Amino acid sequence: MEGKNVIVGASGSVAAIRVPLLVDKIIEKGAKVKVLATDRAKFFLEKERKFADGVEVLDDEKEWLMWEKLGDEVLHIELRRWADAFVIAPLSANTLAKLANGLCDNALTCTARAWDPSKAPLIVAPAMNTVMWEHPLTSRQTNSVETFGVQIVSPTSKKLACGDVGIGSMATPDTIVETLEIELLANSRKKRKTIDSDEVSLEPDGSLKRQTRTAGNS
């Protein structure tokens, strides 16, 4: 993960209080991190400790402040260009529903809609009450986003913040980071394979010939 750029998106679940720890663990792996928070996520983030020095926290307000006229940068597009991976943790039931239906009404969902999971990993870690997680709509929505290439880190079972006991707790930061490492590695290998295939040509006799790159054509 050394040298990679990662967006950590936080939506409005109480599990957002664990985002600073998740960010710390990603930074420990050598990556650069920007946090993208919904307004509801900020409610929880503001109750926790500050992020490490140098971690920029972006939100809807920043999205609109950046743009004044044609030609100005658009935050959700610039984030896509900057990042090697996008992790949404926690992913609330509300934001899951938005992603599954293509809504893009805030900076986080706009970034997700502008993302191409076939080119860079998009990982989500749902967090919600057990009854919400087990609702029939939830499985329909998780299946939907998986068809787009989104990687889901499933929630775990424990005593939840509301007092209920059951599945719905966001996966641990360590589990999310492990998934991120695996997805980044797989993506790097996929890109390497694409480059390699571009360097091979088909000869008239049906054989394959590897192209030799030189300083003039590399």
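All of the numbers you see were taken from the coordinates with simple rules; none came from a lab. Note that this is a predicted model, so its numbers are computed, not measured. Backbone-built Cβ (ideal geometry, glycine too); neighbour counts: all protein chains shown.
So the values come out like this:
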quantity: Index of the failed condition, C104 passing every other in (1) surrounded by fewer than 21 Cβ atoms within 10 Å (Cβ to Cβ); (2) more than 16 Å from the chain's Cα centre (by Cα); (3) part of a loop (DSSP other than H, G, I, E, B); calculated: (2)
quantity: Filter pass, P155 being surrounded by 14 or more Cβ atoms within 10 Å (Cβ to Cβ), in contact with a Phe, Trp or Tyr (Cβ under 7 Å, 6 or more places away or on another chain) and farther than 22 Å from V14 by Cα; calculated: no
quantity: Residue check for S139: more than 18 Å from A41 (Cα to Cα), in contact with a Gly (Cβ under 8 Å, 6 or more places away or on another chain) and surrounded by fewer than 16 Cβ atoms within 10 Å (Cβ to Cβ); calculated: no
quantity: Some residue of segment 9-18 being farther than 15 Å from A114 by Cβ, of a type in the set (S, T, N, Q) and surrounded by fewer than 23 Cβ atoms within 10 Å (Cβ to Cβ); calculated: no
